[in-house]
1. Answer with a single label: of [x] 6.8; [y] 8.5; [z] 5.7, which was calculated as mean projected area of the Cα convex hull in nm² from the structure in view?
2. Give me the distance in nm between label points sitting 7 Å out from Cα along the Cα-to-Cβ direction at L48 and I21, one decimal.
3. Using a 1.4 Å probe on the protein chains only, how many percent of the accessible area of the chain belongs to carbon and sulfur?
4. Express in nm, to one decimal, how much length is gained between I8 and Y61 on full extension, taking 0.36 nm for each residue of separation and deducting their alpha carbon distance.
5. When the helix-only estimate is applied to the chain (DSSP H runs of n ≥ 4, each -39,500 (n - 2.57), divided by the residue count), what is the mean residue ellipticity at 222 nm, nearest 500 deg cm²/dmol?
Amino acid sequence: MGLSIWNIFKAGLLFTNTILILNRRRFLAKYGFDDVNNMGCHPSEKPLKAQMIGLLQAVQYMKVPVIVANCITIIFELILGG
């Protein structure tokens, strides 16, 4: 497997899928990543944690495009052979 744009796309898609399957209430609440308002401090005091929470919340809105990208990836892999 060489380093190509297609493989970088697939790696990014896999990473996005892993973020999407994280359940906010069951998993993320244990570690304080469920909501910016529940951090226990002002977001400017922990900017990295606030940005991670923002990323997790932003990716949750991308479910439909990620599903489409997964379908396209599967079809390409079946046709071209992966």
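The values are calculated or read from the model by the stated rules, or taken from the named source; none is laboratory data. This structure is a prediction, so every number in the text was calculated from the model and none was measured. All Cβ positions, even for glycine, are placed from backbone atoms using ideal geometry, and neighbour counts span all protein chains on display. Ligands, DNA and RNA are excluded from the accessible area calculation, which covers all protein heavy atoms including side chains. Shrake-Rupley method; radii C 1.70, N 1.55, O 1.52, S 1.80 Å.
1. Here mean projected area of the Cα convex hull in nm² agrees with entry [x].
2. Each label point is offset 7 Å from its Cα along the Cβ direction, giving 2.6 nm.
3. Roughly 69 percent of what the probe reaches on the chain is carbon or sulfur.
4. Extra length from I8 to Y61 when fully extended: 16.9 nm.
5. Details: 3 runs with 48 residues, N = 82.
Taking each H run of at least 4 residues, the total per residue is -19500 deg cm²/dmol.
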